[in-house]
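Trainee: Below you'll find the structure I mean.
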Amino acid sequence: EAQVTQNPRYLITVTGKKLTVTCSQNMNHEYMSWYRQDPGLGLRQIYYSMNVEVTDKGDVPEGYKVSRKEKRNFPLILESPSPNQTSLYFCATRGQGRDEQYFGPGTRLTVT
Amino acid sequence: SQKIEQNSEALNIQEGKTATLTCNYTNYSPAYLQWYRQDPGRGPVFLLLIRENEKEKRKERLKVTFDTTLKQSLFHITASQPADSATYLCALGHAGNNRKLIWGLGTSLAVNP
């Protein structure tokens, strides 16, 4: 079954404690992206990757890092989380030459 | 700045009726427009894509129109069912490398039995 998986699905952490949210896809898609979704602000892109070892900033990259060492994985790293990074995070993928995106189930992060 | 507006108020309709959701945009010339469905706490699910040179697209009970003069897309669900209750997001895209999407805030649809 084609899918995008994220882990963890829920996370409560404290300010400053480094964390990683993993994203994995089995569709061999080149493009992967991270979004955050907040009430009243909608979906905003954090980082995206066009292919292995190719990443670029989206609209709200501050406080986040990403890496793309393998085609299937695109982890999101928060080196020093702050309460304003409390949000619902989604990983999304897109196939070569395609425009529709496939989203993961989401990770609800709370930073206290 | 680029702006997308969707009906901010929730839409309540009776089962069997046609639901019509609106997506208006300004200061943008999209290459295509997409509609997604999102259930609470879950990731958006792609429904339909319509390109700038297309007027209408259909998929089963779903229909999308795209009027680049009015800068508006309409999303219709015919013969609506309670299972269609969800939030519907529109997203505008351009043809650059990132194919970056500009997202609306979504419209909540409730179909009452």
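The values are calculated or read from the model by the stated rules, or taken from the named source; none is laboratory data. If you're wondering where the values come from, they're calculated on a predicted model, not measured in any experiment. All Cβ positions, glycine included, derive from the backbone under ideal geometry; neighbour counts span all protein chains shown. Surface accessibility is based on the protein's heavy atoms, side chains included, excluding ligands, DNA and RNA. Shrake-Rupley method; radii C 1.70, N 1.55, O 1.52, S 1.80 Å.
Trainee: How many Cβ atoms of partner chains, on average, are near each residue of B:34-45 if near means within 10 Å of its Cβ?
Mentor: Values: counts 3, 0, 4, 0, 5, 0, 0, 6, 6, 14, 9, 4.
Partner-chain Cβ atoms within 10 Å, mean over residues of B:34-45: 4.
Trainee: When the accessible area of chain A is split by element with a 1.4 Å probe, what percent falls to carbon and sulfur?
Mentor: Values: 2620 of 5330 Å².
Ligands and nucleic acids excluded, carbon and sulfur reach 49 percent.
Trainee: Which value, in square angstrom to the nearest 100, describes the accessible area buried between chains B and A on both sides, using a 1.4 angstrom probe? Don't skip to the answer; put the middle values down first.
Mentor: Numbers: alone 6560 and 6130 Å², together 11080 Å².
Heavy-atom accessible area buried at this interface is about 1600 Å².
Trainee: What shape does chain A take by its C-alpha gyration tensor, where a ≥ b ≥ c are the square roots of the eigenvalues and a/c under 1.5 counts as rounded, a/b above b/c as prolate, and the rest as oblate?
Mentor: prolate
Trainee: Further question: How many percent of DSSP beta bridges within chain B run antiparallel, rounded to 5?
Mentor: Values: 39 of 43 bridges.
Expressed as a percentage, antiparallel bridges in chain B total about 90.
Trainee: Oh, and also: What number comes out for accessible area per residue over the protein assembly as shown if the probe is 1.4 Å? Units Å², please. Can you show the working numbers first?
Mentor: On the way: 11080 Å² over 225 residues.
Result: 49 Å² per residue.
Trainee: Here is a follow-up. What does the charge dipole of chain A about its Cα centre add up to, to the nearest 20 debye, if the Cβ of each Lys and Arg holds +1 and the Cβ of each Asp and Glu holds -1?
Mentor: On the way: 14 positive and 11 negative charges, 61 e Å.
The dipole of chain A has a size of about 300 debye.
Trainee: In chain A, what percentage of the DSSP-assigned beta bridges are antiparallel, given to the nearest 5?
Mentor: Working: 33 of 37 bridges.
The answer is about 90 percent antiparallel.
Trainee: Using modelled backbone amide H atoms (1.01 Å from N, in-plane), which distant-in-sequence or interchain residues come within less than 5 Å of A:Tyr47's amide H?
Mentor: A:Trp34, A:Gly58
Trainee: With the contact rule set at Cα under 8 Å and sequence spacing of 6 or more, what percent relative contact order holds for the stretch B:1-66?
Mentor: Details: 78 pairs, mean separation 14.8, N = 66.
RCO, the stretch B:1-66: 22 percent.
Trainee: Tell me the carbon and sulfur percent of the accessible area for chain B, rounded to whole percent, probe radius 1.4 Å.
Mentor: On the way: 2660 of 5750 Å².
C and S fraction of accessible area: 46 percent.
Trainee: A further question on this structure: Antiparallel versus total DSSP beta bridges in the protein assembly as shown: what percent is that, nearest 5?
Mentor: Once the DSSP bridges in the protein assembly as shown are tallied, antiparallel ones form about 90 percent.
Trainee: If you put +1 on each Lys and Arg Cβ and -1 on each Asp and Glu Cβ, how big is the dipole of chain B around its Cα centre, in Debye rounded to 20? Present the calculation step by step, with values, prior to reporting the outcome.
Mentor: Details: 14 positive and 10 negative charges, 63 e Å.
I would put it at about 300 debye.
Trainee: Beyond 24 Å, what share of the Cα-Cα pairs of chain B is found? Please give it as a whole percent. Intermediate values should be presented prior to the final figure.
Mentor: On the way: 1277 of 6328 pairs.
Counting every Cα pair in chain B, those more than 24 Å apart make up 20 percent.
Trainee: Could you pull out every residue, at least 5 positions away or on a different chain, whose amide H is within less than 5 Å of the one on B:His94? Hs are placed 1.01 Å off N in the peptide plane, and Pro or chain starts have none.
Mentor: Placed amide hydrogens put B:Ala31, B:Lys100 under 5 Å from B:His94.
Trainee: Now for a different question. Would you mind working out the magnitude of the charge dipole of the protein assembly as shown relative to its Cα centre, with +1 at each Lys and Arg C-beta and -1 at each Asp and Glu C-beta, to the nearest 20 Debye? Intermediate results must be reported in sequence, preceding the final value.
Mentor: Details: 28 positive and 21 negative charges, 69 e Å.
Computed charge dipole of the protein assembly as shown: roughly 340 debye.
Trainee: Okay, next question. Tell me the accessible surface of B:Lys59 in square angstrom (1.4 angstrom probe, heavy atoms of protein chains only), to the nearest ten.
Mentor: 90 Å²
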